[in-house]
Amino acid sequence: NYKKALSQLEKFIAQYHNLNELEKQGLIQSFEYTYELAWKNIKDFYENQGEINIQGSKDAFRLAFNRHLINNGEQWMQMMEDRNLTTHSYDETISNNIIQNIYQNYIHLFRYLKKALENIENN
């Protein structure tokens, strides 16, 4: 569930400045999981509206941005690139850059998406 994944990621974010190496790996895994659920929720949302051409996260994020479900399309594209780099999380420089981006940018994008989906559910 996207909300649960985001909640778990937020727990890591709350401890951002005090994370040890193992917890940093946990934060990256939590980010990966939240990312996957984010784009799949977007895909499901638009498929329920008849959109059938969403092949992956790039398609999902572009459509969501063009339809104003998400904001800041460039950061979502950067997030997608960082997600692809998480397979190299053994590289400390890459890992630390991704963690910083999660803390400074991506958590806000995930929260915005959560609110947007909740607003749609409630209307």
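Taken together, the values in this text are just the output of simple stated rules run on the coordinates, not laboratory data. Worth saying up front: this structure is predicted, and the values here are computed from it rather than measured. Cβ atoms come from the backbone with ideal geometry, glycine included; neighbour counts cover every protein chain shown.
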Output the number of residues of the range 30-61 satisfying the condition of being farther than 19 Å from L113 by Cβ and surrounded by 15 or more Cβ atoms within 10 Å (Cβ to Cβ). 0
Quick one: count up the residues across the range 59-114 that are in contact with a Phe, Trp or Tyr (Cβ under 6 Å, 6 or more places away or on another chain) and among the basic types (K, R). 1
The range 66-107 - residue that is small (G, A, S) and part of a helix (DSSP H, G or I) and, of those, surrounded by the most Cβ atoms within 10 Å (Cβ to Cβ): S95
Subset of the range 75-84, residues over 12 Å from Y35 (Cβ atoms) and of a type in the set (A, V, I, L, M), comes to M77
Just need a number here: residues in the range 18-56 that are farther than 24 Å from Y90 by Cα, free of Cβ contacts under 8 Å to residues at least 60 places away in the same chain and either of a type in the set (F, W, Y) or assigned to a helix (DSSP H, G or I) (or both). 6
Residue satisfying condition, being among the aromatic types (F, W, Y) and more than 18 Å from I107 (Cα to Cα), within set Y2, Y46, Y35, Y16: Y46
